[in-house]
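Report on the following structure.
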Amino acid sequence: METIEIRGDSIKLGQLLKLHGVAEHGAMAKDMIADGEVVVNGEVETRRGATIRPGDTVEALGEVIEVSAE
């Protein structure tokens, strides 16, 4: 599991995937999310704009990302 720190209270799911490098660009993040390939806190998330907060766990393409505050 890898930890990624964010500034502020939250980040959008699509932005997090790009920031971490799981998605090379926004269109790739959008497709991954729409195809049900992203799991947030154990549940499939299909909203690109879903709000991710410190303490959340995101799984995509076999990678597990834990979100923490900066």
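Filtered by the rule that a residue be modelled with pLDDT under 95 and not in a strand (DSSP E or B), region 50-70 gives Leu61, Gly62, Glu70. May I ask you to list the residues in region 48-66 that are of a type in the set (A, V, I, L, M) and closer than 15 Å to Gly8 by Cα? Of everything in region 48-66, just one residue is of a type in the set (A, V, I, L, M) and closer than 15 Å to Gly8 by Cα, namely Ile52.
Inside region 14-61, residues that are at positive phi and either buried (at least 18 other Cβ atoms within 10 Å of the Cβ) or without any contact (Cβ under 8 Å) to a residue 24 or more places away in the chain (or both) make up a count of 5.
The values are calculated or read from the model by the stated rules, or taken from the named source; none is laboratory data. Only a predicted model underlies this, so the values are computations on that prediction, with no experimental measurement involved. Cβ coordinates were reconstructed from backbone atoms using ideal geometry, including for glycine residues, and neighbour counts include every protein chain displayed.
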